[in-house]
Structure formats: C-alpha cells, structure tokens
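The values are calculated or read from the model by the stated rules, or taken from the named source; none is laboratory data. The structure displayed is predicted, hence computed values, not measured ones. For neighbour counting, all protein chains shown are included, and Cβ atoms are generated from backbone atoms with ideal geometry for every residue, glycine included.
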Amino acid sequence: MIIREKYLEQLRNLRDVNVIKVITGIRRAGKTTLFKQFQTELIAAGVKQKNIIYLNLEELENAPLLNAFILNAYIMKMVDKKQKNYVFSDEIKSVQNLTLKILYDLCLILLATPFLLIKLLIQ
C-alpha cells in the first residue's frame, strides 16, 4: 500500500475545519485507500471507532441511502451529537437530491469525481 503523505497532510491540516472535504480522482487511483489511511490516523489520535462512519454507496446493502433525505436521517441516527464525528462517503455521486447544504450539514469527507464537484457547486 502506498502512503500518500502529501494528501494525508492536507487532510490533517483540515481535520477539524468545518468544511466539506472532497477527494477526487479517476477510478482505482487510491481514493478509498487514502480514506482508510486517514481513518487509521484518526483512531491513532484518539478518535473512537464509533465516531468514524464510513459508507460505500456502491454496496447493495446501502441502496436505500441513495436518497439524500434518507442518507441524512441514517447518519443523524449514527452520530454521537456530543462528540466530533467523521463521516466518510464513497461514491456520493449516486445520491439523489443531494445539495451542498445537505453535505455541509453532514460535514462529510467525500470521494467524488470532478464532474460531481462541479455539478454540486453550480446547484
């Protein structure tokens, strides 16, 4: 596994900044691996596993979450509102009715394609 120190450093610097973090790239470029590396760092830094939520929206079991409102309700049930939570979503581009406001409210760390990012910014 390749450690992408440059990208991990950028995530570290933005770790507790309340902005949406979007990781883009072509398929099989290592975006999901970067997610896992950052999650490992969070745990090493003392973040509890229960405060790290990872959703791969390509998995069949997560198909009901492809509606933004259902996704929001699901994540709100999972988070500990008294703690800082880290929500990682892989393949967020598949979610219907997705807006920047919903993403910001969830404070997601996202894997996306450049097309999705542009689409969200112009909504």
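In the set (1) in a helix (DSSP H, G or I); (2) in contact with a Lys or Arg (Cβ under 9 Å, 6 or more places away or on another chain); (3) modelled with pLDDT under 85, the condition left unmet by Thr33 is number (3).
Among all residues of the stretch 3-18, there is none that is touching a residue at least 12 places away in the same chain (Cβ under 8 Å), part of a helix (DSSP H, G or I) and either closer than 26 Å to Asn97 by Cβ or touching a Pro at 6+ places or on another chain (Cβ under 8 Å) (or both).
In the stretch 38-73, the residue that is surrounded by the fewest Cβ atoms within 10 Å (Cβ to Cβ) out of those that are farther than 30 Å from Ile2 by Cβ and at pLDDT 90 or above is Pro64. Residues considered: Leu111, Leu103. Of these, the only one that is closer than 25 Å to Ile3 by Cα, outside any loop (DSSP other than H, G, I, E, B) and modelled with pLDDT under 85 is Leu111. Scanning the stretch 70-92 for residues that are in contact with a helix residue (DSSP H, G or I) (Cβ under 8 Å, 6 or more places away or on another chain), outside any loop (DSSP other than H, G, I, E, B), in contact (Cβ under 8 Å) with a residue 24 or more places away in the chain and not polar (S, T, N, Q) returns Leu71, Ile75, Tyr86, Val87, Phe88, Asp90, Ile92.
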